[in-house]
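Visitor: If you scroll down you'll find the structure; I have some questions about it.
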Amino acid sequence: MDLIAVLIGFGVGAIVGMTGVGGGSLMTPLMMGVFGLPPAVAIGTDLWFAGLTKISGSIAHWRHKHIDNAILWQLLAGSIPASLATIALMHATGVTKAWGSALTLALGIALLLTAIVVFFRPAWQAVGLRLERWIPAERKLPWTIASGVLLGVLVSLSSIGAGAIGATLILLLHPRLDARKLVGTDIAHAVPLTLVAGVGHATLGHVNWPMLATLLIGSIPGIWIGAQLTRRMPERLVRALLCAALLGAGLKVIH
């Protein structure tokens, strides 16, 4: 079973390296389907997996000045309080069967949203440019904070959203942002959000620490190899395969 976990970590890491997304979106349903983890434990474990795997990327983007600090702090102003409030609500109400159903539903919805976001990725910038007519620069602050709130709740409930969905929300509100800063800001926001939510789930006993360590052993070389493969594989093919996997996983979880 440890070997399977290493191989899954490697495979998911390779997908992340090739596409920049898909880590949490694929890891959580895999932990549920392959290892039979309850949704809450799979989500809590994946939050730590996502946060720890993205730390090095966040540091690299910070060193290269690929982070828009204003957008980052606006997102965090919404996402961190929203995540803490969601975890506090789970503590106050207790981990009931109803919460298990809610977490499963949130996971399924997040998977389907991610599939849609990834499939239509090339179109989001054009949509964002059109939205500038209704959301000028002086009105973007509350919308960016609201996006953070949405991500904070979604990530805390499903472990999904800090990557592809987060990047799409940034692109819709700030379509003229440099592509490198878009990626850097998204990753820099994902790290503290996933770790805060991960700590919250850990206090609820929702983290399988041995499995987390095993998955990380496989993911580290997987990410590096995936980054090398991205030069050789057609981007459309990779995106189509990822969308199919997300769609299938989302439908299976909701069903």
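Visitor: Scan segment 42-66 residue by residue and report those that are surrounded by fewer than 21 Cβ atoms within 10 Å (Cβ to Cβ) and among the aliphatic types (A, V, I, L, M).
Guide: Within segment 42-66, 52, 55, 59, 60 qualify.
Visitor: So residue 22 passes all but one of these: (1) crowded, with 24+ Cβ neighbours inside 10 Å; (2) on the phi < 0 side of the Ramachandran plot; (3) modelled with pLDDT under 85. Which condition number does it fail?
Guide: (2)
Visitor: Any residue that is among the hydroxyl-bearing types (Ser, Thr, Tyr) and either closer than 18 Å to residue 42 by Cα or in contact with a Pro (Cβ under 6 Å, 6 or more places away or on another chain) (or both) - is there at least one of those in segment 162-171? Steps first, answer last, please.
Guide: Step one: of segment 162-171, the residues among the hydroxyl-bearing types (Ser, Thr, Tyr) are 168.
So of that shortlist, the ones also either closer than 18 Å to residue 42 by Cα or in contact with a Pro (Cβ under 6 Å, 6 or more places away or on another chain) (or both) come out as none.
Scanning segment 162-171, I find no residue that is among the hydroxyl-bearing types (Ser, Thr, Tyr) and either closer than 18 Å to residue 42 by Cα or in contact with a Pro (Cβ under 6 Å, 6 or more places away or on another chain) (or both), so the answer is no.
Visitor: Is it fair to say residue 130 is surrounded by fewer than 17 Cβ atoms within 10 Å (Cβ to Cβ) and not hydroxyl-bearing (Ser, Thr, Tyr)? Steps first, please.
Guide: Numbers: surrounded by fewer than 17 Cβ atoms within 10 Å (Cβ to Cβ): yes; not hydroxyl-bearing (Ser, Thr, Tyr): yes.
For residue 130, the condition - surrounded by fewer than 17 Cβ atoms within 10 Å (Cβ to Cβ) and not hydroxyl-bearing (Ser, Thr, Tyr) - is met.
Visitor: I'd like to check which helices (runs of 4 or more DSSP H) are fully inside segment 3-94 and have at least 3 residues that are more than 23 Å from residue 192 (Cβ to Cβ).
Guide: Working: elements: 23-35, 39-63, 69-93.
Fully inside segment 3-94 and qualifying: 23-35.
Visitor: Now, a different point. Taking only pairs six or more apart or across chains, which ones have beta-carbon atoms under 8 Å, a first residue in segment 157-171 that is free of Cβ contacts under 8 Å to residues at least 40 places away in the same chain, and a second residue that is hydroxyl-bearing (Ser, Thr, Tyr) and in a helix (DSSP H, G or I)?
Guide: That search, which allows pairs on different chains as well, returns 169/147.
Visitor: Which residues, counting only those in segment 145-175, are of a type outside the set (A, V, I, L, M, F, W, C), buried (at least 20 other Cβ atoms within 10 Å of the Cβ) and outside any helix (DSSP H, G or I)?
Guide: 159, 161, 163, 174
Visitor: Something else: Yes or no: residue 215 surrounded by 18 or more Cβ atoms within 10 Å (Cβ to Cβ), touching a Phe, Trp or Tyr at 6+ places or on another chain (Cβ under 6 Å), at pLDDT 80 or above and over 25 Å from residue 66 (Cβ atoms)? If you could, list the steps in order and put the result at the bottom.
Guide: Numbers: surrounded by 18 or more Cβ atoms within 10 Å (Cβ to Cβ): yes; touching a Phe, Trp or Tyr at 6+ places or on another chain (Cβ under 6 Å): yes; at pLDDT 80 or above: yes; over 25 Å from residue 66 (Cβ atoms): yes.
When the stated conditions are applied, residue 215 passes them.
Visitor: Which one is nearest to residue 25 (Cα to Cα) among residues in segment 108-144 that are of a type in the set (Phe, Trp, Tyr) and assigned to a helix (DSSP H, G or I)? Lay out the reasoning, then the answer.
Guide: The first filter runs over segment 108-144 and keeps only residues of a type in the set (Phe, Trp, Tyr), leaving 119-120, 124, 134, 143.
Pick out the ones that are also assigned to a helix (DSSP H, G or I) and you get 119, 124, 143.
Details: 119: 14, 124: 20, 143: 25 Å.
Only one residue fits best here, namely 119.
Visitor: Do you know which of the residues in segment 176-212 that are out of contact with any Asp or Glu (no Cβ under 8 Å at 6 or more places or on another chain) and of a type in the set (D, E, K, R) is surrounded by the most Cβ atoms within 10 Å (Cβ to Cβ)?
Guide: By that ranking, first place goes to 186.
The values are calculated or read from the model by the stated rules, or taken from the named source; none is laboratory data. Note that this is a predicted model, so its numbers are computed, not measured. Ideal geometry is used to build each Cβ from the backbone, glycine not excepted, and the neighbour counts take in all protein chains shown.
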